[in-house]
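Asker: I have a structure I would like to understand better, so I am pasting it below and will then ask my questions one at a time.
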Amino acid sequence: MVAERIRTIVIVGGGTAGWMTAAALSTLLNRSGLSIRLVESEEIGTVGVGEATIPHIRSFNQRLGLDEDEFMARTQATFKLGIEFRDWGRLGDSYIHPFGAYGRSIERVGFHHHWLRLRRAGVAADIHDYSLPVVAARLGRFMRPETDPRSLLSTFSYAFQFDAGLYAAYLRQHSEARGVVRREGKVVDVELNRDNGHIRNVVLTSGERLEADLFIDCSGFRGLLIEGALKAGFEDWTRWLPCDRAVAVPCDTVEASTPYTRATALEAGWSWRIPLQHRVGNGYVYSSAFLSDDDAVERVMGRLEGPARAEPRMLRFTTGRRRKQWMHNCVAIGLSSGFLEPLESTSIHLIQTAITNLIELFPDADHDPTDADEFNRIMELEYDRIRDFLVLHYNATERDDTPFWNHCRTMEVPDSLAEKVALFKERGVVARYRDGLFLEPSWLAVYFGQRIEPEAYDALSDRAPEAALAETLETLRTSVQRAAAAMPSHEAFVKACCAAKAMA
C-alpha cells in the first residue's frame, strides 16, 4: 500500500531559519496540494546577528534559483574569502582561515608535508603565502574563481557577508510567490495527540488552532515545540565552549570593505567585525563567568570604527544541541535545534544542512521513525564535528594573560578532538571522515595559525630533491602573489556587479 503524503506543514517562527525552510520546501518539493504556513510575530522579533556565512550557502541559493548579483544587492552583501583571526595563539598573532587550499599535492604527498620539510631546512615562506584566498584577502582583492581546475584561479571558493534580516525578507518574498502563507501571531499552546505523542495543533493568541501533518520548529532558543512541548532534552557544552553571552551593535563604515570577517581574541572571549555594503556588524562573544555585561558593552562600543547605528543588543545562550532534533512529527531547525557560537560562521550552514537532510528524508504522513533516526544521526555528527573545530580555537593557545585564556588553555577537550590533535602533532596527519563540514585546509589553518606543529612530516616527501622542491614552492608563491595582485579591489568588484540601491 502506498503511504499517504504529507499535505500540510506549519513552520513556527520566521527569521533566517523559518524563511530559509519555507523557501526551500516551497521551491524544491513543488507538490500540488501541499500547504505551507509560517507563523511569526512582529513583537517577538529574531536574533538576526548571523551575517557571515561559509561557501555552502552558494549551493543553497543556486538550488532556489536565486540570481547571485540580485541576492547580494538585496541583502547589502559583500564577498568573503575567509576569516581573519587576531591574537588567538599569542597576542600579536594573525592568520586567515581561507576558503581554499594551501598549494597542491606533489607526487601524491600533501603540500603541507613538503612545506614542513622545507621550513625545517629554512627555505620555505609562511604557509599562508601559498594560499590564493589568503593573499587576495590581505590585499583587499576579489574575483569569482575560474572553473578550469588547471588554473590557479580555481583553487578557492567564497561566501558572503550579508544582512540576515534583509535575507529573511528576500526569502519571504520568494516563498510567498510560491504559495507559502504567513500568519501573524504568537503560539501560546501546543496540543499533542495522546495516542502517538505527535503534535496535533498549535494554538495562537487569537484562539485559532493550526493543524498540520508536519511541524517545523524555528522558534529560536526557546525551542517552543521540540523542547517546550516534546521535551527533547539538551546537551550542554559549556564546559568546552565557555562563552554564554554576546553583545552586538552595527556602526558606520570607516575602514575599507574587506573580503573577510575578522575575529579578534579579547580578554574574555572574542569580537567580530563583519563589513557589509551599508554598515559594519560588530559584537563581543564572551563568558559571563569572566566578564560583566556592562564591561562587555563598554569594550565593544570602544572598538567601533564609526558612529553606532543602534543601541547595543544583548544575547544570552547556552552552547550545545538538542538530544533529538526530530521527534514524532516535529523537526527543529536553527537555534531551536541547538547553538554553536558564531566563531566560524556555522549557524546558517547548520540551518541549511538540516533543511537539506529533511528534504532528502522527507517523511510520509505515517512518520516512519527510521527517517527521524537517520536525520538525528547525521545532525549529531555535524554538530559534534563543528564543536570540536571550535574548541580547537580556544584550547590551542599559548595565552596566559587573563583568567579566561588560562581556563581555555588548560581545560579538558572532547576525546574526539584530543585524538585529532595528537595525530597531527605526531606526524602531520589531518583526520579525515566522510561526513562533516571542515576539511583538511580548515584544520591546517588553525593548527599552523595557532602554533601547533607536527614532530614529523610524511617521509615520502624526501623522495623529491630539495632544490627542485624549493624551486616549485617559490614558483607557486610568486604565482599566487601575481594572481592576487591582478584581481580587482573588493570594493570595485562589488560596485561593478552587485551594488545595493541606496536605502531609505
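Each reported figure results from applying straightforward, stated rules to the coordinates on display, with no laboratory input. All of these numbers come straight from a predicted model, not from anything done at the bench. No Cβ is skipped: glycine too gets one built from the backbone with ideal geometry, and neighbour counts run over all protein chains shown.
Asker: Out of segment 119-184, which GluC sites (Glu not before Pro) are coil in DSSP terms and have no more than 14 other C-beta atoms within 10 Å?
Answerer: For GluC sites (Glu not before Pro) across segment 119-184 that sit outside H, G, I, E and B with at most 14 neighbouring Cβ atoms in 10 Å, the list reads 146.
Asker: Suppose every K and R has +1 on its Cβ and every D and E has -1 on its Cβ; what is the size of the dipole of segment 377-504 about the Cα centre, in Debye to the nearest 20?
Answerer: Taking the Cα centre of segment 377-504 as origin, the dipole is about 640 debye.
Asker: Can you give me the angle between helix 415-427 and the longest principal axis of the chain, using Cα atoms only, in degrees from 0 to 90, rounded to the nearest 10?
Answerer: 20
Asker: Non-local amide H neighbours of residue 14 (under 5 Å, H modeled in plane, Pro and chain starts lacking H): which ones?
Answerer: Amide H neighbours of residue 14: 41.
Asker: Can you give the FRET efficiency to the nearest 0.05 for residue 177 and residue 294, using r as the Cβ-Cβ distance and R₀ = 35 Å?
Answerer: Efficiency, rounded to the nearest 0.05: 0.15.
Asker: Now for a separate question. Would you calculate a helix-derived [θ] at 222 nm for the chain, using -39,500 (n - 2.57) for each DSSP H run of n ≥ 4 and dividing by the full residue count, to the nearest 500?
Answerer: -10500 deg cm²/dmol
Asker: Please work out the Cα convex hull volume for segment 289-437 and give it in Å³ per residue.
Answerer: Cα-based convex hull of segment 289-437, divided per residue, equals 170 Å³.
Asker: Next question, about the same structure. Apply the Karplus parameterisation 6.51 cos²θ - 1.76 cosθ + 1.60, with θ equal to phi minus 60°, to every residue of segment 142-159 and state each ³J(HN,Hα) to the nearest whole Hz, in sequence, with x for glycine and proline.
Answerer: Values, residue by residue: 7, 7, 6, x, 7, 8, 6, x, 7, 8, 4, 6, 9, 8, 8, 10, 7, 10 Hz.
Asker: Find, among the trypsin sites (Lys or Arg not before Pro) in segment 188-287, those assigned to loop by DSSP (not H, G, I, E, B) with at most 13 other beta-carbon atoms within 10 angstrom.
Answerer: Here the trypsin sites (Lys or Arg not before Pro) that fit, given the DSSP loop and packing criteria, are 194, 231, 239.
Asker: Can you grab the distance from the C-alpha centre of segment 179-222 to the C-alpha centre of segment 243-270, Å, no decimals?
Answerer: 37
Asker: For the chain, with only Lys/Arg (+1) and Asp/Glu (-1) charged at the beta-carbon, what is the dipole magnitude about the Cα centre, in debye rounded to 20?
Answerer: 780
Asker: Tell me, what is the percent relative contact order of segment 161-217, built from C-alpha pairs under 8 Å that lie six or more residues apart?
Answerer: Across segment 161-217, relative contact order equals 21 percent.
Asker: Mind listing the long-range amide H neighbours of residue 35? Cut-off is under 5 Å, sequence gap 5 or more, other chains count too, H placed in the peptide plane at 1.01 Å from N.
Answerer: 8, 9
Asker: Under a cut-off of 19 Å between alpha-carbon atoms, report the lysines in cross-link reach of residue 495, not counting same-chain residues fewer than 8 places apart.
Answerer: Of all the lysines, those that pass the test against residue 495 - Cα under 19 Å, at least 8 places apart if same chain - are 80.
Asker: Return one number: the angle in degrees, 0 to 90 and rounded to the nearest 10, between the long axis of the Cα atoms of helix 164-176 and the longest principal axis of the Cα atoms of the chain.
Answerer: 50
Asker: With +1 on each Lys and Arg Cβ and -1 on each Asp and Glu Cβ, how big is the dipole of segment 138-186 about its Cα centre, in debye rounded to the nearest 20?
Answerer: The dipole magnitude comes to about 140 debye.
Asker: Something else: What is the distance in Å between the Cα centroid of segment 354-399 and that of segment 293-352?
Answerer: Spelled out, the Cα-based centre of one part sits 17 Å from the other.
Asker: Within segment 97-172, which trypsin sites (Lys or Arg not before Pro) sit in a loop by DSSP and count at most 16 neighbouring Cβ atoms inside 10 Å?
Answerer: Sparse-neighbourhood loop trypsin sites (Lys or Arg not before Pro): 104, 108, 150.
Asker: To the nearest 10 degrees, how steep is helix 15-24 against the longest Cα principal axis of the chain, on a 0 to 90 scale?
Answerer: The two axes meet at around 80 degrees.
Asker: Which residue, 26, 3, 53, has the largest displacement toward the positive end of the dipole of segment 1-97 when charges sit on each Cβ (Lys, Arg +1; Asp, Glu -1)?
Answerer: Highest projection toward the positive end goes to 3.
Asker: If you plug each phi of segment 233-239 into the Karplus form 6.51 cos²θ - 1.76 cosθ + 1.60 with θ = phi - 60°, what whole-Hz ³J(HN,Hα) values come out, in order, with x for Gly and Pro?
Answerer: The phi angles translate into x, 9, 9, 7, 10, 4, 5 Hz.
Asker: Still on this structure, please answer the following. Provide the per-residue ³J(HN,Hα) series for segment 95-102, in order, calculated from phi with Karplus coefficients 6.51, -1.76, 1.60 and θ = phi - 60°, each as a whole number of Hz, with x at glycine and proline positions.
Answerer: The phi angles translate into 8, 10, 7, x, 8, x, 8, 9 Hz.
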